[in-house]
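K.L.:
Provided herewith is a single structure, encoded as structure tokens, for subsequent inquiry.
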Amino acid sequence: MTLLREAIGDSLRRARLAQHRTLREVSTSARVSLGYLSEVERGRKEASSELLASICEALDVPLSRVLWDVSTLMAGADGSAPREPALTGPAVEREPTTDEPAEPAAGEATASAEHGPRIGIAEDTRIVIPAPRAEMLVLVKGM
């Protein structure tokens with residue numbers, strides 16, 4: 001079982017390491033003792049909301065992103081998945097709220113229950129999905 005304080009610590013450590021910063025740099029910027037920050041990152045101490053906000057500000061990472069990362073980690077640990085998609089930017093698309101299906105955009109694939117997806121892509125076409133940025137990675141520990 002993953003503890004909340006451990007998941008928060010993992011998320012903060014990943015954010016710090018992605019920026020190639022030391023504990024000393026972040027602790028000075030956040031006005032938190034080096035030892036205490038180290039214990040928070042290792043999941044040994046429960047950080048208050050004020051302390052988390054200070055650390056996130058020092059890392060220039062929104063607290064909401066850390067909490068989303070933690071919720072994703074915790075959901076993966078208990079076998080469920082988050083219900084809402086991450087809000088990663090202003091152009092987040094939401095599912096239609098009415099009972100009628102949304103009209104597909106031009107060039108978008110449509111699906112039929114009888115015939116499966118209809119996609120206008122040649123068989124030899126390669127689809128390349130870029131790797132996520134380091135601060136967006138979610139660490140999931142194996143059982």
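K.L.:
Could you pull out the residue among 5, 31, 44, 24 that is among the charged types (D, E, K, R) and closer than 14 Å to residue 70 by Cα?
P.N.:
Numbers: 31 fails: closer than 14 Å to residue 70 by Cα; 44 fails: closer than 14 Å to residue 70 by Cα; 24 fails: closer than 14 Å to residue 70 by Cα.
When all the criteria are applied, what remains is 5.
K.L.:
Considering only residues of region 16-29 that are among the hydrophobic types (A, V, I, L, M, F, W, C) and closer than 20 Å to residue 48 by Cα, which is least open to solvent (accessible area, probe 1.4 Å)? Can you show your working first?
P.N.:
The initial filter retains those residues of region 16-29 that are among the hydrophobic types (A, V, I, L, M, F, W, C), namely 17-18, 23, 26.
With closer than 20 Å to residue 48 by Cα added as a condition, the list becomes 23, 26.
Working: 23: 41, 26: 2 Å².
Filtering first and then ranking leaves 26.
K.L.:
Among the residues of region 1-46, write down those that are among the charged types (D, E, K, R) and under 21 Å from the mean Cα position of the chain (by Cα). Talk me through it step by step, then tell me what you get.
P.N.:
Here is the first cut: in region 1-46, the residues among the charged types (D, E, K, R) are 5-6, 10, 13-14, 16, 21, 24-25, 31, 39, 41-42, 44-46.
Correct list: 5, 6, 10, 13, 14, 16, 21, 41, 42, 46.
K.L.:
Could you please find all residues in region 30-78 being surrounded by fewer than 15 Cβ atoms within 10 Å (Cβ to Cβ) and among the charged types (D, E, K, R)?
P.N.:
Result: 31, 42, 44, 46, 50, 57, 60, 78.
K.L.:
For the structure I just gave you, tell me whether residue 6 is out of contact with any helix residue (DSSP H, G or I) (no Cβ under 8 Å at 6 or more places or on another chain) and closer than 19 Å to residue 75 by Cα. Write out each step before concluding.
P.N.:
Numbers: out of contact with any helix residue (DSSP H, G or I) (no Cβ under 8 Å at 6 or more places or on another chain): yes; closer than 19 Å to residue 75 by Cα: yes.
Spelling it out, residue 6 is indeed out of contact with any helix residue (DSSP H, G or I) (no Cβ under 8 Å at 6 or more places or on another chain) and closer than 19 Å to residue 75 by Cα.
The values are calculated or read from the model by the stated rules, or taken from the named source; none is laboratory data. Quick caveat, the model's predicted, so the values are computed rather than measured. Positions of Cβ are backbone-derived with ideal geometry, glycine not excepted, and every protein chain shown enters the neighbour counts. The area values use the complete protein model at the heavy-atom level, side chains included, leaving out ligands, DNA and RNA. Shrake-Rupley method; radii C 1.70, N 1.55, O 1.52, S 1.80 Å.
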